[in-house]
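Read the structure below first, then the notes.
Derivation of every value follows stated rules applied to the coordinates shown; laboratory data play no part. The structure displayed is predicted, hence computed values, not measured ones. Here the Cβ positions follow ideal geometry from the backbone for every residue, glycine too, while neighbour counts run over all protein chains shown.
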Amino acid sequence: MILPKLPTALYNKAFTLIELLISVSVIMILTGISIPSFTSYIRDQELKQALEQIKSDLRTIQNNALAGAGASETIGGDTPEYWGVAFINDSGKDYYRYFISLNNSGCNINDGANVAVKGNPVYLTENVSLINSGSTCVYFDFENGDASGSQYIAIQNNSNASCIKVYTTGLIAPGTWNSGSGGSCE
C-alpha cells in the first residue's frame, strides 16, 4: 500500500536546532546583564528594610515611654524616667537594645545602677552596619515622649548609606546621609 504524500506545509512547522540555540543564547545574555542590577536592588532593599525596622522600633519605644510602660519598676530603689535605645557599633555584628533608665546621660547599658535592659539584642542584617562609632543612645521621656536632644542613627551597606533623625520634639524621620566632613544626617 502506498501512503499519500502529505503537503509540505504540515511537516515544515518545527524549529531548527540553530534557531533554538540562538534563542537560548539571547536569553542567557539578557540574564547575565540583569543579574548585577538585581543584586544592587537586593542590597538597596536590605538597607531600606533595616531603616524601616529601626524607625518602627524607635516609635515602639517612644510609645512605651508615653504609655508609662516600666514606670512602676524600680532601679536601685528609684523610679525610671526614660525609655532608651542603645545602638552598639560592634566590630563583629552591630545591634541595638532597649532599656529603661533613671537619667539620660551617657550610653552605658551595662550600668546596672542606672539602667535596666529590656528584651534581647536586635541585630542588623548581614550586609547592613551602623556608621555611628561606639555607642549611640536615644532617650524618650516618660512625661511626654520627647527625645533628649536631636540625634541621628546612620546605617550603611556596601554601596549606600541612609539615616534617621530623632528630633527633641520626639519626631522620628528619615534623613539623607551626607558623607562629607565626617558625615551628617540632613
Worksheet item: Quick one: would you say Thr169 is without any contact (Cβ under 8 Å) to a residue 24 or more places away in the chain and more than 16 Å from the chain's Cα centre (by Cα)?
Response: yes
Discussion item. I need the full set of residues from segment 47-83 which are under 17 Å from Lys118 (Cα atoms) and among the polar types (S, T, N, Q), in order please.
Written reply: Ser56, Thr60, Gln62, Asn63, Asn64, Ser72, Thr74, Thr79
Worksheet item: Within segment 84-99, how many residues are touching a Gly at 6+ places or on another chain (Cβ under 7 Å) and under 18 Å from Gly149 (Cβ atoms)?
Response: 1
Discussion item. Looking at segment 85-104, can you tell me whether even one residue there is farther than 21 Å from Asn160 by Cβ, surrounded by 13 or more Cβ atoms within 10 Å (Cβ to Cβ), hydroxyl-bearing (Ser, Thr, Tyr) and in contact with a Lys or Arg (Cβ under 6 Å, 6 or more places away or on another chain)?
Written reply: yes
Worksheet entry | Among the candidates Tyr139, Tyr167, Tyr123, residue that is within 17 Å of Ile54 (Cα to Cα), hydroxyl-bearing (Ser, Thr, Tyr), out of contact with any Pro (no Cβ under 9 Å at 6 or more places or on another chain) and crowded, with 19+ Cβ neighbours inside 10 Å | Tyr139
Worksheet, complete the sentence: Only one of Gly76, Gly70 is in contact with a helix residue (DSSP H, G or I) (Cβ under 8 Å, 6 or more places away or on another chain), under 27 Å from Ala147 (Cβ atoms) and not aromatic (Phe, Trp, Tyr), namely Gly70
